[in-house]
Amino acid sequence: MKELLIKSKGIRTDQYFIPPFELREGELVVLYLYGGAHFQGIKTELVNIFTEKIKNKNVIIYKPMNYVDYFKESKFRKLFFPVRVDGYLRKNANLESKFIQKIFEIPWINKKTKINELYWNTKRLLALYTTFSKTKYIVFELAGQGPEDAKETCDIVRNEIRKGGSAILIDWASDMKDNCDKFITLEWNG
């Protein structure tokens, strides 16, 4: 049996319940939260639990996860001092990792490319590769990605965690139901 990374006895609040689940080495677990105004708040709570920023008495974390935090740049900085790919990687990535080179396999990206000039999905891939350069245990989302980009992101994650690691996808759509090891659906209270 593969190594146990997270054991949840269920996450309950006044508003919702996430049923019990386990995350093991090599698995992709999808937490389906439905779409709506509640998504960001619940996602943030769950990310904080899985990255051990907050404790939950019903969740045992054996290996903390890292959240794939997507790049955000202020309008002022974007206009006057835009961040370039090289600067972002030096600040946020393990430069010795093979994942750093993967971003440069995309033809239109080089070290001098301004991040604010990248397509939305390419920014997402940059953040994903940067996170994978530091850890193989991730929590991610597919917000803002179309079906093809979401499938590409999930395929990249699946391929990487097969080599070791695991992932939790916090999603608002049920599209990945057949492309994961466990599909956990949020239940509303009352």
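The values are calculated or read from the model by the stated rules, or taken from the named source; none is laboratory data. Because the structure is predicted, anything quoted here is derived from the model rather than measured. Please note: Cβ atoms are built from the backbone with ideal geometry, for glycine as well, and neighbour counts cover all protein chains shown. Accessible surface areas use protein heavy atoms only, side chains included; no ligands, DNA or RNA. Shrake-Rupley method; radii C 1.70, N 1.55, O 1.52, S 1.80 Å.
Computed values, structure above
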read-out	value
From Asn58, Asn92, residue being among the polar types (S, T, N, Q) and touching a Gly at 6+ places or on another chain (Cβ under 8 Å)	Asn58
Residues of the stretch 100-109 classified as open to solvent by 100 Å² or more (accessible area, probe 1.4 Å) and outside any helix (DSSP H, G or I), total	3
Qualifying residue in the stretch 149-159 (condition: under 30 Å from Phe76 (Cβ atoms), surrounded by 16 or more Cβ atoms within 10 Å (Cβ to Cβ) and of a type outside the set (D, E, K, R))	yes
The listed residue being part of a strand (DSSP E or B), in contact with an Asp or Glu (Cβ under 6 Å, 6 or more places away or on another chain) and crowded, with 20+ Cβ neighbours inside 10 Å, out of Ile138, Ile170	Ile170
Candidate set from the stretch 110-128 (those that are hydroxyl-bearing (Ser, Thr, Tyr) and outside any helix (DSSP H, G or I)); member that is least open to solvent (accessible area, probe 1.4 Å)	Thr113
Members of the stretch 73-91 that are surrounded by 10 or more Cβ atoms within 10 Å (Cβ to Cβ), within 28 Å of Lys53 (Cβ to Cβ) and modelled with pLDDT under 80	Glu73, Arg77, Lys78
Residue check for Phe39: aromatic (Phe, Trp, Tyr), touching a residue at least 60 places away in the same chain (Cβ under 8 Å), within 22 Å of Ala167 (Cβ to Cβ) and open to solvent by less than 40 Å² (accessible area, probe 1.4 Å)	yes
Every residue from the stretch 28-79 that is within 12 Å of the chain's Cα centre (by Cα) and acidic (Asp, Glu)	Asp69
